[in-house]
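Take a look at the structure set out below.
The values are calculated or read from the model by the stated rules, or taken from the named source; none is laboratory data. Just so we're clear, the structure is a prediction, and the values are computed from it rather than from any experiment. Backbone-built Cβ (ideal geometry, glycine too); neighbour counts: all protein chains shown. Each accessible area value is taken on the protein alone, full model and side chains, heavy atoms only, with ligands, DNA and RNA left out. Shrake-Rupley method; radii C 1.70, N 1.55, O 1.52, S 1.80 Å.
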Amino acid sequence: FDIVFGTHVAWGRPDLNGVLDVILDRYGNPLNSRGGHAMLLVGYNKTAPIPYFIFKNSWGTTRGNLGYYYLSYDYIREYAKYGYIVNQRRDDFV
């Protein structure tokens, strides 16, 4: 199933593996959201040093990793807003 995912936006630069993680302020608190965004959840990597989910974004292939973004499990726990499963088959739209 495809999963449409909505999140609060509070990310900065990705780590060396391209993973966006929670950024903490000088007091150790997660940064406040600067808005929201929706993407399509397409996969995950639970064996990486920082486990992450893989999202396909709508901003084109020049952003992120050829249009994909990697958000850490901790980022999802902190900032996730919603997720909807799209359970209609693709051939239903023909």
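Brief remarks on what is shown
- Exclusive hit being open to solvent by 90 Å² or more (accessible area, probe 1.4 Å), among the aliphatic types (A, V, I, L, M) and modelled with pLDDT under 95, set Val94, Val86: Val94
- Screening Trp11 on (1) touching a strand residue (DSSP E or B) at 6+ places or on another chain (Cβ under 6 Å); (2) hydrophobic (A, V, I, L, M, F, W, C); (3) at pLDDT 90 or above shows it passes everything except condition (3).
- Residues of segment 42-63 that are closer than 18 Å to Ala80 by Cβ, open to solvent by less than 60 Å² (accessible area, probe 1.4 Å) and in contact with a Gly (Cβ under 8 Å, 6 or more places away or on another chain): Phe53, Ile54, Asn57.
- Taking segment 32-85 as the range and being touching a residue at least 60 places away in the same chain (Cβ under 8 Å), in a strand (DSSP E or B) and among the β-branched types (Val, Ile, Thr) as the test, only Ile85 passes.
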